[in-house]
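Heads up: the structure comes next, in structure tokens.
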Amino acid sequence: MFVTWCLLNQLFDEETVAEMREETERLERKEITPGVFLMEVLDGKFVSDDLTDTGNAFCPCLL
């Protein structure tokens, strides 16, 4: 759920979001769960490269 919260609060990098636009829209429409999004779209990985500078400042524990 935290990954989804970051995504919906514009903490994800724009380029990353653009690459997964369709899946992001499905998540926003609640057609897929946050867990499915993490495992299938992000391959189970949530890393600092996925986030903006603001996102990384908010989530300093990411690698």
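The values are calculated or read from the model by the stated rules, or taken from the named source; none is laboratory data. Fair warning: this is a prediction, and the values are worked out from it, not measured in the lab. Reconstructed Cβ throughout: ideal geometry from the backbone, glycine too, with neighbour counts over all protein chains shown. For the accessible areas, the whole protein counts, side chains as well, though only heavy atoms, and no ligand, DNA or RNA atoms are used. Shrake-Rupley method; radii C 1.70, N 1.55, O 1.52, S 1.80 Å.
Quick notes on this one:
- 17 Å cut-off, amide nitrogen to a point 7 angstrom out along residue 15 Cα→Cβ, residues in segment 32-63: 47-56
- Per-atom-type breakdown for the chain gives carbon and sulfur 52% of the accessible area (1.4 Å probe, protein chains only).
- Residue-by-residue Karplus 3J(HN,Hα) for segment 33-47, coefficients 6.51, -1.76, 1.60, Hz, glycine and proline x: 8, x, x, 5, 4, 4, 6, 8, 8, 9, 6, x, 10, 10, 10
- Charged-residue dipole, Cβ positions (Lys, Arg, Asp, Glu), the chain about Cα centre, Debye nearest 20: 320 debye
- Under a 5 Å amide H cut-off, with hydrogens placed 1.01 Å from N, residue 51 pairs with 13 among residues at least 5 apart or on other chains.
- A straight chain from residue 58 to residue 8 at 0.36 nm per residue would run longer than the Cα-Cα distance by 16.6 nm.
- For Kirkwood radius over Cα pairs in Å, computed directly from the structure shown, the correct entry in (i) 12.0; (ii) 11.2; (iii) 11.6 is (iii).
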